Amino acid sequence: MRLERGTFGGRFAMVMAMAGSAVGLGNIWRFPYMVGENGGAAFILVYVVCCLLVSLPIFFCEAIIGKSQRANTCYLSIVSSFIILSFYSVVGGWSVDYLLRSLSGGFQGQSMEQAREMFAGISASMVENISCMLVFLGLTALIVVAGVEKGIGLFSKVSIPVLFIMMLLLAFNSSSLEGAKKGIEYLIKPDFSSLSGKAVAAALGQSFFSLSLGVGSILTYASYMKEEESVTFAGGWTVFFDTVFAIVSGFAIMPAVFAAGIEPGAGPSLVFETLPVIFSGMGWIVPIVFFLVILIAALSSSISLLEVVVSFLVDEKHLSRGRAVMDVFLLAAILGGACAVFPRLFGICDFVTSNVLMMLGALAFCLAVGWKMPREEVLSYIRSPFLYKIIRYAIPVMIIIIALIPFFDC
Ligand code: PFF
């Protein structure tokens, strides 16, 4: 992680860079399908509680470690970042594909059946799937070689607010479709009887995934913070922004899912089958801008994943930056290619990272701050003895209990 220590040049830029890593396909693609697979409003409530009670304190821990530079990111983080990067690039590839399709005529007049067939066609076509994945991974590699801060920092400052506004507009549009009411109810009327233990674990895993926790991304970014900048400020705003973004994405997708009669538990294909239906009556400009900003949001997350692995290889294995990027690109292309071809492998990578590896990483960061760092030093960052106790005792126990739930099948 030890790159030359730049800074973000201002509080807004710092929060936007962290939000840039956090806001991505996790909000737009993963959150809606997790909601659909795990029962709607009750899952959202548990998700928000997980974000506030567990993920926010873990964010503080990662940021404290990064800012105080007491610890290097561990091997576990490198492995998790690499696996996430590989399957994330497959979904990034789908956004490249959809952007290209919207450039060549868009989704005008597309019916639900056609949208479904289009996605099925993409996933069945090895060449299309893999080449779009390679384009996405290649763009990620180019940005990381060129230097993260200038390019993507500026990019995300503009694109994330634009994406947010577009998501809001889509949410209004989707909610006004005929038959959307059921989808809105699905998002706001919790049915706790449908909430399983697995869903609670999925909510925590999703909140780690969405906030980029447990893999060293936030740690790396926090190491670029200026002395006077506060980790609680950065954490509070990033968590707030990311959570609101996810919920707005849910409102953009789910009403349209119900309006179009798509199955909410359709899994990873959900958003890609739904968006063309929402866009079908909107002309060609809106989808182009939309998929372009999705691509930028996805890139601002994927570069933070690649950066974790590359900076490790540069610092610890003394590779040149170019060589390190090339090596990781090739390896990620192999695993990503396999994920693109075998949906089961894709699912396993997705599950293992957010339900096992990220949880272990988060636990390690939490224990490092709660039990290894001097109490006074931690308090100089978070200023709350109560929060310190929560980090020391409650959070590790909660992570262990929740992480074990899926393995006992409750
Ligand atoms: N938080 C990103 C998203 O929601 O798309 C995904 C991600 C980025 C996960 C960086 C982990 C990470 F280290």
If you take the residues of region 181-203 that are out of contact with any helix residue (DSSP H, G or I) (no Cβ under 7 Å at 6 or more places or on another chain) and surrounded by 14 or more Cβ atoms within 10 Å (Cβ to Cβ), which of them is modelled with the lowest pLDDT?
-> Ser196
Region 361-380, residues that are part of a helix (DSSP H, G or I) and either surrounded by 19 or more Cβ atoms within 10 Å (Cβ to Cβ) or of a type in the set (A, V, I, L, M) (or both) = Gly361, Ala362, Leu363, Ala364, Phe365, Cys366, Leu367, Ala368, Val369, Gly370, Val378, Leu379
Would you mention how many residues in region 260-289 are hydrophobic (A, V, I, L, M, F, W, C), in a helix (DSSP H, G or I) and either at pLDDT 90 or above or over 22 Å from Gly179 (Cβ atoms) (or both)?
-> 6
Enumerate the pairs (first residue in region 287-307 and within 21 Å of Gln110 (Cβ to Cβ); second residue anywhere and in a helix (DSSP H, G or I) and of a type in the set (S, T, N, Q)) with beta-carbon separation below 7 Å, excluding pairs fewer than 6 apart on the same chain, so at least 6 apart or on different chains.
-> Pro287/Ser102; Ile288/Ser102; Phe291/Ser95; Phe291/Ser102; Val293/Ser159; Ile294/Ser95; Leu295/Ser95
What single numbered condition from (1) crowded, with 24+ Cβ neighbours inside 10 Å; (2) within 16 Å of the ligand (Cβ to nearest atom); (3) on the phi < 0 side of the Ramachandran plot fails to hold for Tyr224?
-> (1)
State whether the residues of region 338-347 include one that is closer than 24 Å to Tyr47 by Cβ and surrounded by fewer than 24 Cβ atoms within 10 Å (Cβ to Cβ).
-> yes
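Per-residue answers, yes or no, for (1) under 29 Å from Ser223 (Cβ atoms); (2) modelled with pLDDT of 95 or more; (3) not in a helix (DSSP H, G or I):
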residue: Met1; (1), (2), (3): yes, no, yes
residue: Phe8; (1), (2), (3): yes, no, yes
residue: Val15; (1), (2), (3): yes, no, no
residue: Gly26; (1), (2), (3): yes, yes, no
residue: Met34; (1), (2), (3): no, yes, no
residue: Gly39; (1), (2), (3): no, no, yes
residue: Leu45; (1), (2), (3): no, yes, no
Exception for Gly250 within (1) small (Gly, Ala, Ser); (2) within 15 Å of the ligand (Cβ to nearest atom); (3) within 21 Å of Leu85 (Cβ to Cβ) falls at (3)
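The values are calculated or read from the model by the stated rules, or taken from the named source; none is laboratory data. Owing to the predicted nature of the structure, the values given are computational and were not obtained by experimental measurement. Cβ sites come from the backbone with ideal geometry, for glycine too, and all protein chains shown count toward neighbours.
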